[in-house]
Structures are given as structure tokens and as C-alpha cells.
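Working notes, structure below.
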Number of protein chains: 2
Amino acid sequence: MADAKVRLYVDHDLGEGQSVPLARDQAHYLFGVMRLGVGDSVKLFNGRVGEWLARVVEAGKRGGALECTAQSRPQMNPPDLWLLFAPIKKARTDFIVEKATEMGASRISPVQTQFTNAERIRRDRLQAHAVEAAEQCGGTFVPAVDDLQKLDTVLSTWPHDRQLMFCDEALADGTPAPGLIPAGNTNKWAILIGPEGGFCEAERTRLHKLPFAHPIRLGPRILRADTAAVAALTLWQHTLGDWT
Amino acid sequence: MADAKVRLYVDHDLGEGQSVPLARDQAHYLFGVMRLGVGDSVKLFNGRVGEWLARVVEAGKRGGALECTAQSRPQMNPPDLWLLFAPIKKARTDFIVEKATEMGASRISPVQTQFTNAERIRRDRLQAHAVEAAEQCGGTFVPAVDDLQKLDTVLSTWPHDRQLMFCDEALADGTPAPGLIPAGNTNKWAILIGPEGGFCEAERTRLHKLPFAHPIRLGPRILRADTAAVAALTLWQHTLGDWT
């Protein structure tokens with residue numbers, strides 16, 4: 001009844017008086033784990049229409065139902081910013097997805113580079129991580145996680161109205177930093193984080209030649225890929241995004 | 001003989017021709033795990049005199065010895081920037097120490113706030129994490145990790161020539177952001193990251209009144225403490241530190 005402590009993402013319409021059925025795992029979480037019962041309040045979001053307060057109207061072991069009462073937060077979409085990264089060890093890949101969601105990326109694309117170890121990813125598991133991060137960080141938006149694609153393919157089919165900022169470790173030693181982020185005439189951006197070990201020479205040469213791609217350096221120390229992702233997202237959000 | 005792939009922190013003098021004895025765990029790592037033998041090369045740093053190439057001259061199960069040949073990188077100290085943070089769950093606390101090292105903090109201070117769950121920390125374990133992070137990120141400096149102290153005590157004994165930037169979640173909703181980082185006449189800084197759940201009202205009031213403390217906000221989404229640490233370090237390094 002009191003403050004709704006639980007925030008839940010649901011893939012369902014939300015609106016005043018809207019009834020929301022619960023799947024078995026959601027019912028287990030709300031009633032088994034969190035010990036909620038009929039009359040208790042929950043916060044819901046579906047990634048499209050903000051956050052809604054809802055009340056438990058039916059609580060069972062295999063399902064249940066909620067009823068939306070009022071909107072508690074408006075929908076807030078992040079800037080149009082994709083994060084492309086080369087998957088690394090499992091825990092750190094999960095971490096990148098979590099951090100990208102918190103930091104306000106609108107889409108998350110794992111890419112396979114020459115030095116990427118991962119041959120495949122569990123897209124559904126990474127998507128679930130993005131949902132959980134959005135539930136935790138109070139966001140109302142869940143970035144879509146793409147399937148793993150080859151970097152070559154991604155660059156060959158790149159949309160020409162989108163700028164790409166890539167973090168080049170090779171710039172870290174001595175090479176002067178280019179202007180942090182070039183002024184652009186577009187709101188569509190992407191950040192590309194290379195794999196541990198960096199890009200291979202052919203990838204680096206190609207990236208530096210692309211008219212839509214802009215190298216940046218992230219300081220004089222070598223950052224792990226997960227650290228670099230948060231740092232690059234911070235600089236972008238601070239300079240061009242919704243942090244200002 | 002070829003490229004030294006292993007980087008090792010040692011608490012020992014380094015210099016041309018200097019002999020460096022190996023403790024049992026270091027010998028196990030170099031000869032047991034990494035399979036090095038006499039004649040192989042290693043990179044060493046002690047946090048004070050840069051990175052040195054060294055050659056294995058004695059390799060045993062319980063110890064061994066290296067001999068420094070030449071300096072491979074000069075010493076690079078980070079700016080005079082402390083990171084203060086309220087310890088959180090074990091894995092994320094480890095993570096903050098790792099990230100602070102990569103991002104170039106010069107000192108890491110766990111502080112106990114009103115909403116901090118941790119009553120104690122394992123200082124030696126966290127210090128070992130800082131060493132490992134420095135070994136991995138190519139750094140030549142290892143930040144000291146302090147014992148856990150009460151935030152109240154830390155603020156009461158604060159050195160008056162050091163500025164403090166603190167991240168206040170309560171600023172996230174609506175309140176306009178103050179200038180990101182105030183211009184200062186000092187190179188001595190610290191960043192304070194609050195606990196999950198934020199500062200308590202008394203802490204917040206006190207912080208806002210301190211002449212050396214400056215609130216900043218990190219965007220419109222709520223960040224986890226570990227994300228906030230990397231984001232705040234990024235903004236500081238980019239604006240006032242050694243990233244420019």
C-alpha cells in the first residue's frame with residue numbers, strides 16, 4: 001500500500017486502469033521473493049510510456065494481475081547514441097551492458113573484431129541484463145541489444161547520417177589528441193570501444209579513413225574495455241548528450 | 001628473451017644491474033603459472049622509478065632472482081586526486097578500486113557514511129586489487145588504499161588546501177547543475193562518491209556548507225556507485241587532470 005519499492009519492466013500496455021497480467025516468473029518474484037500481496041503497490045514501465053504505479057489485484061503462485069493507477073514518471077528516452085563494443089570475458093560483457101543502460105545508450109551492439117575472442121554471445125541474456133539495469137537505475141527506457149555482428153559488416157552498411165566516435169588505444173602514447181568530439185550537424189551518434197589488445201592494423205587504418213568516424217583518446221593510461229565504455233559515454237553525454 | 005609479456009609490481013629498488021629477489025608467490029606466478037625460465041624477460045615497476053626490463057637469472061619453486069637491464073618507461077604519477085567512496089557489495093568495491101587505479105586516482109579512501117552497509121573492509125585485499133590493476137593497465141603508479149574511516153571524521157580533519165567534488169544524487173531530479181567543476185587555485189582534489197541510497201540529510205547539509213566542497217550532478221539517470229566513480233573520475237581528468 002505504502003511506497004512502491006519494486007520496479008518492474010513489463011512488455012505490456014500501461015495506462016490508467018489498465019490491467020497487466022503477470023507471467024509465472026514475475027509472479028514468483030513479486031509474491032515469492034518480494035513477499036507482496038493483494039493491495040500492495042509496484043512501479044511498472046514498458047520502455048515507452050513512462051513509469052506507472054500499479055496495485056496488485058490478484059496474487060497466485062503461477063501468475064497474477066496488476067492494475068495501473070497513475071503515472072509516476074514521464075517517459076524519458078536517452079539521446080540517439082549507440083554503443084558498439086567487442087565482447088570480452090562474460091562478467092565484463094555483462095558489466096558493459098549494465099553500464100551502457102545506466103549511462104543512457106539507446107542501443108547496444110556487440111561487434112566482432114579481429115582480436116575479439118567471443119564467437120557468439122547470448123543476446124537474450126544480455127538483453128535481460130539491460131532490463132535489470134533499467135529497473136535498478138530508475139530509467140524508463142531499455143536499450144535494445146543486437147546480435148553479434150562482424151565489425152567489417154557493420155562499417156560497410158553504416159548509415160551515413162550517423163557519426164562514430166572510436167577509442168583508439170594507439171593514440172594513447174604521445175600522439176596528440178584530436179579535438180575531443182568534432183562538432184557535427186547530426187544528433188545521431190555511436191561510440192565504438194575496441195577489444196582488449198586494441199584494433200588490428202587493418203581495422204585501425206579503415207576506421208581512420210571513414211568520413212563519419214572520429215578517433216578520441218581516453219587519457220595516458222590504458223583502460224580496460226569496460227572502463228573505456230563508461231569513460232567514453234561520460235564524455236559524450238557531458239559534451240553532446242543529456243548531461244548538460 | 002623476446003618481448004616481456006609479464007608486468008610485475010615489486011616492492012624493491014630498481015635500477016640498471018639491480019638484482020631483485022622473488023618471494024615464493026611471485027616465483028610461483030612467473031615460473032609455475034607463466035612458465036618463464038632463466039633468460040626470459042619481465043617488466044617490473046615499484047611505483048617510484050618507472051618500468052624496468054629485467055631478466056630471470058634464477059628460477060626455483062620457492063623463489064628466484066631477476067636482474068634489471070634497462071628502463072622501459074619513465075615513472076608517471078597521476079594527478080593529486082583522491083577517490084573517497086562508501087564501500088558497497090564486495091565485487092563492486094573491488095571494481096571501484098580497480099577502476100580508480102586505471103583512471104589515475106592517487107589515493108583511494110573507503111569512507112563509512114550513514115547509509116553504508118560495510119562495517120569493515122579488507123584493506124590488504126583492496127590494496128592487492130590496486131596493484132593488479134596497475135600491472136594490467138600499464139601504469140607505473142599504485143594508489144595507496146586507506147583503512148575504512150567515518151565520513152564525519154574525514155570531513156572534520158580535512159586538509160584545507162584540498163578541494164572536494166561530491167556527487168549528489170539529490171541534484172539529479174530537476175535541480176540545475178552547478179558549473180561542472182569550479183575553477184580552483186589548487187591542484188589538490190578529491191572526489192566523493194556516496195553510497196547506494198545516497199547521503200543522509202545531515203551529511204548532505206554538511207557537505208553543501210563546507211567551503212572546500214563542490215556538488216556536481218552526473219546526468220538525469222541514477223548511477224550505481226561504481227558507475228558514478230568512473231564517470232566522475234572521467235569528468236575530472238578531462239577537465240582538470242592529465243587527459244587534456
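A short reminder: the numbers here are calculations on the coordinates, not readings from a lab. Since the model is a prediction, treat every value here as computed from it, not as a measurement. Glycine also receives a Cβ, built like all others from the backbone with ideal geometry; neighbour counts cover every protein chain displayed.
If only the Cβ of Lys and Arg carry +1 and only the Cβ of Asp and Glu carry -1, the dipole of the protein assembly as shown around its Cα centre is close to 520 debye. Charges were assigned to the Cβ only: +1 to each Lys and Arg, -1 to each Asp and Glu. The resulting dipole of the stretch B:92-163 about its Cα centre is roughly 160 debye.
For the stretch B:81-239, a crude dipole built from +1 on the beta carbon of Lys and Arg and -1 on the beta carbon of Asp and Glu, taken about the Cα centre, is about 120 debye to the nearest 20. Which is farthest toward the positive dipole end of the stretch A:84-130 among A:86, A:116, A:104, measuring Cα position about the Cα centre, with Cβ charges +1 (Lys, Arg) and -1 (Asp, Glu)? Positive-most Cα among the choices belongs to A:116. What does the structure give for A:214-225 when I average, per residue, the other chain Cβ atoms found within 10 Å of the residue Cβ? Per residue, the average neighbour count from other chains is 5. Look at the dipole of the stretch B:7-73 built from charges on Cβ: of B:10, B:34, B:52, the Cα furthest out on the positive end belongs to B:34. Exposure proxy ranking for A:94, B:11, based on other Cβ atoms within 10 angstrom of each Cβ and starting from the fewest, stands as B:11, A:94. Computed from label points 7 Å out along Cα-Cβ, the spacing between residue B:153 and residue A:119 is 5.4 nm. Of all DSSP bridge pairs formed entirely within the protein assembly as shown, close to 40 percent run antiparallel. Computed from the Cβ-Cβ distance with R0 of 45 Å, the FRET efficiency linking residue B:67 to residue A:80 stands at 0.20. Over chain A, the alpha carbon radius of gyration divided by the compact-protein estimate 2.2 N^0.38 Å works out to 1.15. Extending each Cα 7 Å along its Cβ direction at residue B:25 and residue A:210, get the distance between those two points in nm, one decimal. Reported label-point gap for residue B:25 and residue A:210 is 4.3 nm.
Would you mind checking A:188/B:89; A:99/B:5; A:5/A:150; A:99/B:61 for any pair whose Cα atoms are more than 32 angstrom apart? Pairs exceeding the cut-off: A:188/B:89; A:5/A:150; A:99/B:61. Along its three principal directions, the equivalent ellipsoid of the stretch A:6-99 from the Cα gyration tensor extends over semi-axes of 29, 19, 10 Å, largest first. Each of A:238, B:208 has some number of other Cβ atoms within 10 Å of its Cβ, and from fewest to most they run B:208, A:238. Averaged over the residues of B:4-17, the number of partner chain Cβ atoms lying within 10 Å of the residue Cβ comes to 0.
Mean residue ellipticity at 222 nm, helices only, the protein assembly as shown: -7500 deg cm²/dmol; runs of at least 4 DSSP H residues each add -39,500 (n - 2.57), and the sum is divided by the number of residues. By the count of other C-beta atoms within 10 Å, a proxy for reagent exposure, B:58, A:196 are ordered fewest to most as B:58, A:196.
Relative to the longest principal axis of the Cα atoms of chain A, the long axis of helix A:123-137 makes an angle of roughly 70 degrees.
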